[in-house]
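The structure under discussion appears below in the form of structure tokens.
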Amino acid sequence: MTIQLSIIIPFLNSHELVRRQFLYWHRIGIPGPDTEILVMDDGSDPPIESVVSWPWSGAVRIIPTNDFRPWTSSLARNTAAKLAHGEYLFMTDGDYILTREAVDKARNFRGDRLGCKRRFGVIDENGEFKTDDKTLIEWGIQPSRIKAKGNRLPTHPNNFVMRATLFQEMGGYREDLILGRGYPQKEDTYFKRKLMKMVFAGQITLTNEDRPIIYMFPNGQYCGDVDANPFNMFHTLTRKTPENHWYTHQRYPKDPVCEPV
């Protein structure tokens with residue numbers, strides 16, 4: 001069967017997070033017959049596959065990058081795009097939750113590029129998906145933020161569905177911005193800039209209607225500190241650098257809520 005969609009997700013030292021994702025995917029019936037998931041193990045120690053096993057047989061591949069340098073997740077994305085079998089790529093990160101509805105929208109998409117909306121959500125230890133206020137507060141979201149903005153988040157350029165051939169035509173993420181640089185590398189910003197240049201040139205059509213909603217585990221600046229790591233669920237690379245405006249200007253308590261491209 002032709003693979004319509006390749007879901008690409010890099011992980012680093014987030015073994016419990018992967019285990020919960022696997023349970024959840026199994027529960028909601030993804031990846032499915034025309035979909036595959038590429039779990040990119042970007043230098044985890046110990047390797048993800050040595051610790052976590054998936055509870056079903058299907059099109060889920062754990063692919064070690066064997067790259068132990070920091071902040072190489074977009075290199076992992078580039079590698080995955082070359083290994084993917086799908087006509088379309090669904091790019092996201094390990095701290096995101098893909099609902100069945102979001103995956104089905106991606107599977108049925110036939111345009112150039114489809115963005116995503118973001119909300120907060122959690123998968124618990126039993127693989128149950130939760131978005132209730134009590135759970136989000138336990139994970140570090142301030143009650144005042146929930147009261148003002150609910151579980152909404154601004155969009156992020158690393159979450160999208162795109163024709164695989166178009167991603168390759170764009171050259172993927174700029175690797176010269178990634179290698180040897182700390183956080184943030186702004187490779188996602190440059191990727192979006194190139195995308196918009198091609199949009200304005202009439203080479204790419206963006207689809208903004210009926211975008212899938214994906215959910216993010218609360219962490220980082222949204223929990224009051226750019227390195228916030230609730231329940232030690234995530235990697236421990238620091239974001240506290242002079243180049244990170246969320247850190248140097250203490251902007252994270254005032255994150256915007258908007259729906260840009």
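The values are calculated or read from the model by the stated rules, or taken from the named source; none is laboratory data. Nothing here was measured: the structure is a model prediction, and the numbers come from that model. Please note: Cβ atoms are built from the backbone with ideal geometry, for glycine as well, and neighbour counts cover all protein chains shown. Heads up: the accessible areas ignore ligands, DNA and RNA and are worked out on the full protein's heavy atoms, side chains in. Shrake-Rupley method; radii C 1.70, N 1.55, O 1.52, S 1.80 Å.
Values for this structure:
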{"quantity": "Number of positions in region 169-216 that are modelled with pLDDT of 95 or more, part of a helix (DSSP H, G or I) and open to solvent by less than 80 Å² (accessible area, probe 1.4 Å)", "calculated": "6"}
{"quantity": "Pairs where the first residue, in region 22-34, is farther than 10 Å from Phe129 by Cβ and the second is of a type in the set (Val, Ile, Thr) and assigned to a loop (DSSP other than H, G, I, E, B), C-beta under 8 Å, 6+ apart", "calculated": "Phe22/Val52; Asp34/Thr2; Asp34/Ile3"}
{"quantity": "Every residue from region 156-165 that is crowded, with 17+ Cβ neighbours inside 10 Å and either assigned to a helix (DSSP H, G or I) or touching a strand residue (DSSP E or B) at 6+ places or on another chain (Cβ under 7 Å) (or both)", "calculated": "His156, Asn158, Asn159, Phe160, Val161, Met162, Arg163, Ala164"}
{"quantity": "Condition check for Thr99: over 20 Å from Ile30 (Cα atoms), of a type in the set (S, T, N, Q), in contact with a Pro (Cβ under 9 Å, 6 or more places away or on another chain) and buried (at least 16 other Cβ atoms within 10 Å of the Cβ)", "calculated": "no"}
{"quantity": "Residue within region 120-141 that is of a type in the set (Lys, Arg) and over 30 Å from Pro55 (Cα atoms) present", "calculated": "no"}
{"quantity": "Residue selected from region 45-78 under the condition over 17 Å from the mean Cα position of the chain (by Cα) and open to solvent by less than 20 Å² (accessible area, probe 1.4 Å), by the criterion farthest from Thr165 (Cα to Cα)", "calculated": "Val52"}
{"quantity": "Qualifying residue in region 83-94 (condition: part of a helix (DSSP H, G or I), out of contact with any Cys (no Cβ under 7 Å at 6 or more places or on another chain) and at pLDDT 95 or above)", "calculated": "yes"}
{"quantity": "From the options Gly115, Gly127, residue that is open to solvent by less than 10 Å² (accessible area, probe 1.4 Å), in contact (Cβ under 8 Å) with a residue 60 or more places away in the chain and on the phi > 0 side of the Ramachandran plot", "calculated": "Gly127"}
{"quantity": "Residue match in region 99-122 (condition: over 24 Å from Met1 (Cα atoms) and hydroxyl-bearing (Ser, Thr, Tyr))", "calculated": "no"}
